[in-house]
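J.: After the structure tokens below, expect a handful of questions from me.
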Amino acid sequence: MSMIEMVKAKAKSCTKNIVLPEGDEVRTVEAASIIKKEGLANPILIGNPDKIAAVAKEINVDITGIEIQDPETDSKAERYANELYELRKAKGVDEAKAKEMIKDPMYYGIMMVKLEEADGLVSGAVHTTGDMLRPALQIIKTKPEMKLVSSSFLMDCPNKELGENGLLVYADCVVNPCPTAEELAYIAVASAETARVLCGFDEPRVAMLSFSTKGSAKHDLVSKVQEAVEIAHNIAPDLLLDGEMQFDAALVPKIGASKAKGSPVAGRANVLVFPDLQAGNIGYKITERIGGADCFAVLQGLKKPCNDLSRGCSVDDIVNTVAMTAVQAQG
Ligand code: ACO
């Protein structure tokens, strides 16, 4: 069974309510129908019911039984606006602004999750990553034990000798452009947790990546990763984590053994933490486009799961992301 098939089976075992704020978007409507039919989650579409029904008719999909909420007319909108005002007044949001903001399906959906009227949210088929992330960061906020929100990409590679039967976790490839050493350490800890929850790894083995292995090069950028390793050991002393190390030293047993002798991670890493967003984002795209990996992105560190889609996403991508969100909501 592939990783995503395992995730789907787990999602079905305990149905969660997942909000789709881009409710009248054509791929989202089709995905909602599949999610409902397969019992992966209980999808909630945000938008105008007539518009959503028209889209469903046009593409000939059945949305019977799927909950729809319209921020323009739903009686809950006023309560959500009041709560939003309370949460953001210190940041300059007044009551009139909150009423306006809640008409935005993204903020409406986020408030549903915040107020525990939904278990998670998936968006980004239309919104940019920044526009999807900002409401989640502002309102859902970071888990108390986490310093920041970040992301993991679950990379299912054709070469089954890599990682855990071809499965690798890459972080952070979406959120934090220039993490500090402390932030990198928290990204590593959050990624190990994602590897446990979504990939079923019993033993996450985290490599902190660099262009240097164990002091082979001297540079401020290398020192930052070395510092991150130290901080991560303090935050999570039981986690198998090592670095700094190069990509090949992390993955190839022979190279790991020669460049990082005695490392518990080198040559057998299954979680790879990149030193910044440029490296992480480029790295996952190379693995996908040249390496032929299937990749699945999730956000980590939020109090409640909210996940981003690519604007080029397929219906399957939305279905898969909803299943992963449902599993994250199970905890
Ligand atoms: N974790 C937790 N909270 C955060 C984080 C974080 N990593 N980053 C920002 N915040 C919070 C801030 O504290 C702030 O909260 P507050 O308003 O309550 O004080 C709020 O989020 C907004 O912070 P800003 O700094 O104003 O956020 P900004 O909008 O400038 O940027 C963002 C945040 C959107 C995450 C930005 O870092 C970003 O654009 N990242 C890159 C996204 C991207 O383009 N990724 C690559 C493409 S995706 C792909 O290829 C799959």
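The values are calculated or read from the model by the stated rules, or taken from the named source; none is laboratory data. Not measured: the values here are computed from a predicted model. Virtual Cβ from ideal backbone geometry, glycine too; neighbours counted across all protein chains shown. Each accessible area value is taken on the protein alone, full model and side chains, heavy atoms only, with ligands, DNA and RNA left out. Shrake-Rupley method; radii C 1.70, N 1.55, O 1.52, S 1.80 Å.
J.: Given a cut-off of 23 Å, name the pairs among LYS76/LYS99; LYS8/LYS160; LYS12/LYS141; LYS103/LYS141 whose C-alpha atoms lie farther apart than that in the structure shown.
T.: Over 23 Å Cα-Cα: LYS12/LYS141.
J.: In addition: For LYS147, which lysines qualify as cross-link partners when the Cα separation must be under 16 Å and same-chain residues fewer than eight apart are set aside?
T.: Counting by Cα, and skipping residues close in sequence, LYS147 has these lysines nearby: LYS303, LYS304.
J.: Shifting gears a bit: Once each part is reduced to its C-alpha centroid, what is the distance from segment 125-159 to segment 164-183 in angstrom?
T.: 11 Å
J.: A follow-up question, please. Placing unit charges on C-beta atoms (Lys and Arg positive, Asp and Glu negative, everything else neutral), compute the dipole magnitude of the chain about its Cα centre in debye, rounded to 20.
T.: Charge dipole, the chain, about its Cα centre: 620 debye, nearest 20.
J.: Could you look at segment 161-297 and say what percent of its accessible area is carbon and sulfur, using a 1.4 Å probe and all protein chains?
T.: The C+S portion of the solvent-accessible surface of segment 161-297 is 52 percent.
J.: Determine how many Å³ per residue the convex hull of the Cα atoms of segment 20-167 encloses.
T.: Convex hull of Cα atoms, per residue: 153 Å³.
J.: Now for a different question. With θ taken as phi - 60° and the coefficients 6.51, -1.76 and 1.60, list the Karplus ³J(HN,Hα) couplings across segment 279-292 in order, rounded to whole Hz; mark glycine and proline as x.
T.: These are the phi-based 3J(HN,Hα) values: 5, x, 5, 5, x, 5, 5, 5, 4, 6, 7, 9, x, x Hz.
J.: How large is the Rg to Rh ratio of the chain when both quantities use alpha carbon positions and Rh follows Kirkwood?
T.: Radius of gyration over Kirkwood radius for the chain works out to 1.01.
J.: Among VAL113, ALA11, VAL222, whose Cα sits farthest toward the positive end of the charge dipole of the chain (+1 at Cβ of Lys/Arg, -1 at Cβ of Asp/Glu, about the Cα centre)?
T.: Positive-end residue among those listed: VAL222.
J.: Assigning unit charges at the beta carbon (Lys, Arg +1; Asp, Glu -1) and nothing else, what dipole magnitude in debye, to the nearest 20, does segment 200-331 show about its Cα centre?
T.: 260 debye
J.: Apply 1/(1 + (r/R0)^6) to the Cβ-Cβ distance of ASP248 and SER75, taking R0 = 56 Å, and write down the FRET efficiency to the nearest 0.05.
T.: The formula returns an efficiency of 0.45 here.
J.: Taking the Cα-to-Cβ direction at THR180 and at HIS219 and moving 7 Å from each Cα, how far apart do the two end points lie in nm?
T.: A separation of 2.3 nm, rounded to one decimal place.
J.: If you filter segment 131-216 for trypsin sites (Lys or Arg not before Pro), then keep DSSP loop positions with at most 12 other Cβ within 10 Å, what is left?
T.: Passing sites in segment 131-216 are LYS160.
J.: Put a dot 7 Å past each Cα toward the Cβ at LYS160 and ASP62; how far apart are the dots in nm?
T.: 3.7 nm
J.: How large is the accessible surface per residue of the chain, computed with a 1.4 Å probe and reported in Å² as a whole number?
T.: Solvent-accessible surface per residue comes out at 45 Å².
J.: Highest first, please rank the peptides 167-176, 236-245 by the mean number of other Cβ atoms sitting within 10 Å of their residues.
T.: 167-176, 236-245
J.: Determine the relative contact order of the chain: mean sequence separation of Cα pairs under 8 Å and six or more apart, normalised by residue count, in whole percent.
T.: Averaging sequence separation for qualifying contacts and normalising by length gives 23 percent for the chain.
J.: Suppose every K and R has +1 on its Cβ and every D and E has -1 on its Cβ; what is the size of the dipole of segment 29-132 about the Cα centre, in Debye to the nearest 20?
T.: 200 debye
J.: Please report, largest first and rounded to whole Å, the three semi-axes of the ellipsoid equivalent to segment 244-312, where each semi-axis is the square root of five times an eigenvalue of the C-alpha gyration tensor.
T.: The equivalent ellipsoid of segment 244-312 has semi-axes of 27, 16, 10 Å.
J.: With θ set to phi - 60° and the Karplus curve 6.51 cos²θ - 1.76 cosθ + 1.60, what are the ³J(HN,Hα) couplings of segment 21-32 in order, to the nearest whole Hz, using x for Gly and Pro?
T.: Computed from phi, the couplings for segment 21-32 are x, 8, x, 9, 7, 4, 5, 5, 5, 5, 4, 4 Hz.
J.: Still on this structure, please answer the following. Label 7 Å along Cα→Cβ of LYS143; segment 298-331 residues with amide nitrogen under 18 Å?
T.: 298-308, 324-331, by backbone N distance to the label point.
J.: Pop out the carbon and sulfur fraction of the accessible area of segment 27-132 as a percent, whole number, probe 1.4 Å.
T.: Result for segment 27-132: 45 percent of the exposed heavy-atom area is carbon or sulfur.
J.: Across segment 204-266, how many lysine pairs separated by 8 or more positions, or lying on different chains, have Cα atoms within less than 18 Å?
T.: 5
J.: Here's another thing I want to ask about it. Summing -39500 (n - 2.57) over the DSSP H runs of n ≥ 4 in the chain and dividing by its residue number, what mean residue ellipticity at 222 nm do you reach, to the nearest 500 deg cm²/dmol?
T.: After summing the helix terms and dividing by residue count, I get -13500 deg cm²/dmol.
J.: Further question on the same structure: Find how much the distance from GLN226 to PHE211 grows on full extension, using 0.36 nm per residue of separation minus their present alpha carbon separation; answer in nm with one decimal.
T.: Length gained between GLN226 and PHE211: 4.2 nm.
J.: How do the peptides 24-33, 47-56, 217-226 rank, highest first, by the average count of neighbouring beta carbon atoms within 10 Å per residue?
T.: 24-33, 47-56, 217-226
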